[in-house]
Amino acid sequence: MKHIILGTLLLGASLSVSAQDNHSYGASDNQFKSLAEEVAKLQKHNDMFNVYLNWSGAFNAEQDANKDWGTRFANKQLRLEIKGNLTDKLYYRLRHRLNKSQAGRGNDNFAKATDIMMVGYKFSDKFKLEAGKMCQYWGGFEFDENHEFSDMVGNMDNYHMGVAASIKPIPTQELILMVTNTDNDKFADYYAPNAQSVEGTGKSVRDLEPTKNGLTYIANWNGSFLGDKLRTRWAWGLLTQAKHKYSRMMSLGQQLNLPKVQWYFDYMNEYAGLDRLRIASSEIQAADPALLPENHFLSDVHYDSFITKVNWQFAPQWNFMAKGMYETASVSKVEKYKNYRKHFSWITSVEYYPVKSQDFRLYLAYIGHKVNYSELSGLKNYNTNRIELGFMYRIKAY
């Protein structure tokens with residue numbers, strides 16, 4: 001019966017990728033055998049060159065906002081990753097998506113397909129420096145997800161060129177200070193030629209001007225307590241978006257890390273001088289073009305996200321996951337759209353790891369979304385549902 005289920009799942013899945021690398025609830029990549037070891041019996045003698053393919057797929061049954069059901073094979077992402085330690089101090093990492101634009105962007109000359117291309121130097125156990133294109137060190141644990149993201153994380157662009165310094169005064173506490181570009185593209189490409197912002201109560205506009213220093217500044221604290229049973233990831237950052245336009249973002253993540261149960265709670269908020277996430281701008285532009293014409297962007301937008309998730313390894317090679325999210329959006333100075341949006345979402349999944357020597361899981365998941373709008377906004381409430389049958393596989397090729 002187990003082989004029949006496995007065969008059905010593999011036939012019913014197309015290619016996509018997991019969001020982050022942490023698929024195995026704290027397991028190290030070193031515990032999984034590479035294809036070189038499995039097929040060619042080639043033993044690795046150093047850690048200078050490691051190759052991975054992050055690959056997953058699902059067959060989806062989806063109900064849209066009009067209550068209509070449809071089915072499709074989902075292909076989201078496929079990532080190649082190469083990383084290693086060249087010496088006991090120097091290390092590198094490359095992660096590249098194989099199904100995204102390969103064109104270099106105007107601001108940093110990296111393709112959007114390149115998530116990470118960085119080098120790091122470890123001066124000691126207490127201090128290291130990293131430089132290149134990296135994932136910004138925002139706090140919270142949702143960045144290690146494999147299923148649905150929250151609105152905030154799902155609409156963020158986190159991969160930017162910059163530098164980061166990590167300080168560990170003691171082994172269980174880490175402080176990271178990071179400076180990166182805010183955008184991959186040049187100003188006119190990221191916004192629009194002749195872009196304007198809607199100001200104050202919505203009755204005035206101003207021209208958006210590019211800043212000379214489009215940088216993001218992040219301070220991150222990662223803590224470990226009670227023998228690593230309690231973990232924290234907190235961060236605060238300031239984003240320079242345009243001349244005299246800034247956003248402030250905070251993320252507070254705490255995780256209970258037990259042998260068979262892992263549970264976290266993340267809180268994230270953003271006070272955007274210019275609507276960086278564009279959730280509010282895109283919805284309101286479609287519904288109210290008189291307030292927000294084309295090439296116009298909202299000012300003073302506030303987002304809040306509350307995210308919780310539990311993993312429970314209830315039997316050998318099995319995991320149960322449940323996740324819930326509550327998120328709000330508010331255009332704080334425009335009365336019609338003040339506290340106008342509430343988003344509820346929930347996910348449950350049962351996962352099976354059939355091969356102990358491989359980071360490979362089969363899963364069946366249900367994902368639901370419900371969006372409620374204030375009566376004053378005039379926007380229409382909606383909800384969607386999705387059932388996924390699929391797999392995730394971090395292939396250790398070498």
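The values are calculated or read from the model by the stated rules, or taken from the named source; none is laboratory data. Quick caveat: nothing in here was measured; it's all calculated off a predicted structure. Methodologically, a virtual Cβ is constructed for each residue, glycine included, from the backbone with ideal geometry; neighbour enumeration extends over all protein chains shown. Ligands, DNA and RNA are excluded from the accessible area calculation, which covers all protein heavy atoms including side chains. Shrake-Rupley method; radii C 1.70, N 1.55, O 1.52, S 1.80 Å.
Screening residue 380 on (1) within 30 Å of residue 52 (Cβ to Cβ); (2) surrounded by fewer than 17 Cβ atoms within 10 Å (Cβ to Cβ); (3) free of Cβ contacts under 8 Å to residues at least 60 places away in the same chain shows it passes everything except condition (1).
Taking residues in the stretch 151-170 that are basic (Lys, Arg), and partners anywhere that are part of a loop (DSSP other than H, G, I, E, B), the pairs with Cβ atoms closer than 6 Å and at least 6 places apart or on different chains are 168/126.
If you go through the stretch 237-292 and keep only what is of a type in the set (Phe, Trp, Tyr), open to solvent by 70 Å² or more (accessible area, probe 1.4 Å) and either in contact with a Gly (Cβ under 8 Å, 6 or more places away or on another chain) or not in a strand (DSSP E or B) (or both), you end up with 246, 265.
Out of curiosity, is residue 42 touching a Ser or Thr at 6+ places or on another chain (Cβ under 9 Å), of a type in the set (A, V, I, L, M), open to solvent by 70 Å² or more (accessible area, probe 1.4 Å) and at pLDDT below 75? The answer is yes for residue 42. Residues of the stretch 85-105 that are open to solvent by 40 Å² or more (accessible area, probe 1.4 Å), under 29 Å from residue 192 (Cα atoms) and either touching a residue at least 40 places away in the same chain (Cβ under 8 Å) or part of a loop (DSSP other than H, G, I, E, B) (or both): 98, 99, 100, 101, 102, 103, 105. Counting the residues of the stretch 355-377 that are more than 23 Å from residue 287 (Cβ to Cβ), at pLDDT 95 or above and open to solvent by 30 Å² or more (accessible area, probe 1.4 Å) gives 2. Of the residues making up the stretch 162-182, at least one is in a loop (DSSP other than H, G, I, E, B), open to solvent by 50 Å² or more (accessible area, probe 1.4 Å) and more than 20 Å from residue 269 (Cβ to Cβ).
Each residue in the stretch 141-161 was checked for being part of a strand (DSSP E or B) and open to solvent by 10 Å² or more (accessible area, probe 1.4 Å), and 2 of them qualify. Mind checking whether some residue in the stretch 226-236 is within 28 Å of residue 284 (Cβ to Cβ) and open to solvent by less than 50 Å² (accessible area, probe 1.4 Å)? No; the residues of the stretch 226-236 include none that is within 28 Å of residue 284 (Cβ to Cβ) and open to solvent by less than 50 Å² (accessible area, probe 1.4 Å). Entry remark, the stretch 208-225: residues being touching a Phe, Trp or Tyr at 6+ places or on another chain (Cβ under 7 Å), surrounded by fewer than 19 Cβ atoms within 10 Å (Cβ to Cβ) and under 18 Å from residue 276 (Cα atoms) number 1 in total.
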